[in-house]
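Okay, so here's the structure we're looking at.
The values are calculated or read from the model by the stated rules, or taken from the named source; none is laboratory data. These numbers were taken from a predicted model, which means no experiment stands behind them. A quick note on method: Cβ atoms are made from the backbone with ideal geometry, for glycine too, and the neighbour counts reach across all protein chains shown.
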């Protein structure tokens, strides 16, 4: 670009020789220093000649020698951006308006170029002047911040963690995860909840008053708070609020919420396991000791006075010893089964098996018990394919039939049947005895480990309740249900469902 300077008088020329030009030189050096410090260079393009002039900083930014022409300048621009840049200069020249664009250098650096046309009296563009700055590092910083924000958002989503900010002057902002908790977009959340306690509407009714009071007091007084509550939709939420002070003045409030539903579920499950463990130890401490005491008591009596007792008395005491030992054996069998089951994390195998054969094998240990009482067991289950854990289902059969024998009268019959359930894809298995039946008040608590309900068999047999609880747990793990149907004097029908093959 050619720039002509006005002619100078001889005095001016003489003054220049005496140092009058130093201020201009100093200003040029200061301008160059300012461009270098600010990372911004200036340039000019002459519309008539096509000449281009770049300051030293502009040439450094373009990473090339100062170009003599516009075409030379384009060689310093990335090939993919040259067409767009030429179009911008044409717009400036013909439409006489400024522009700003992003482009890349031939080495890939990112620049921001701004230009402004110079218009003469004839409304003709005679030149375009402008500035250029290298924003590569700034863009990289923005990308890094964006990536970190994305990472934080991802971490928040994985941790079910959301946050929001309320300022004292009424501004609201929130994360996408916080908005998602409420089934809203961030804009909807900010418009709906002008104050933190307004979110009480999204809290379960039972916790709304406590939530509103806690959060409103903390926000108004600039106090921290922590609260746990149930959100609408039965989700467990842990929330923390913290005030932010600037120069000792409360200016905004940060709130973080976390969905702890799964943690709460695990906590409740652990609590339930501890409860069951305590109940199990109670059973072991009480019910296992009692029959052992009976065995030892009658054994001591027989050992001390067998020679004084009649054969009938000896036989009676021996039978009592046998029954007590059988009670102990049944309890230990269930304890061992329960322990092995828990070692496997309560998981049931999933494989095809013959339900009729499983029932027969489960009954084998009970045949002597039935014969001693004159009870007939009729297993009407033929070959029937089921799906599940055969070993666990045998435990269910053994417990249900053992109970049926226990409550059957002398000479009674226990029927075992199986057929299609009302639930699609399920089998229904029934064990029906001819005992006195189960009272409704007792039936509702039979499968609860916490229940203290205990019934005495027709020959004084005792039970612990662990067997039916174990049956309920096993059947539940198979996706089935277990229940009892009974009428006074008509016996009891215990039934359960499990998947059919």
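Some observations on this one:
- The residue of the stretch 337-371 that is surrounded by the most Cβ atoms within 10 Å (Cβ to Cβ), among those that are at pLDDT 75 or above and farther than 29 Å from residue 410 by Cβ, is 355.
- Residue 31, sole failed condition from (1) at pLDDT 80 or above; (2) in a helix (DSSP H, G or I): (1)
- Only a single criterion out of (1) in a strand (DSSP E or B); (2) farther than 12 Å from residue 61 by Cα is not satisfied by residue 91, namely (1).
- Annotation for the stretch 401-409: no member residue is in contact (Cβ under 8 Å) with a residue 40 or more places away in the chain, surrounded by fewer than 21 Cβ atoms within 10 Å (Cβ to Cβ), in the same structural domain as residue 468 (by TED's automatic domain parsing) and in a strand (DSSP E or B).
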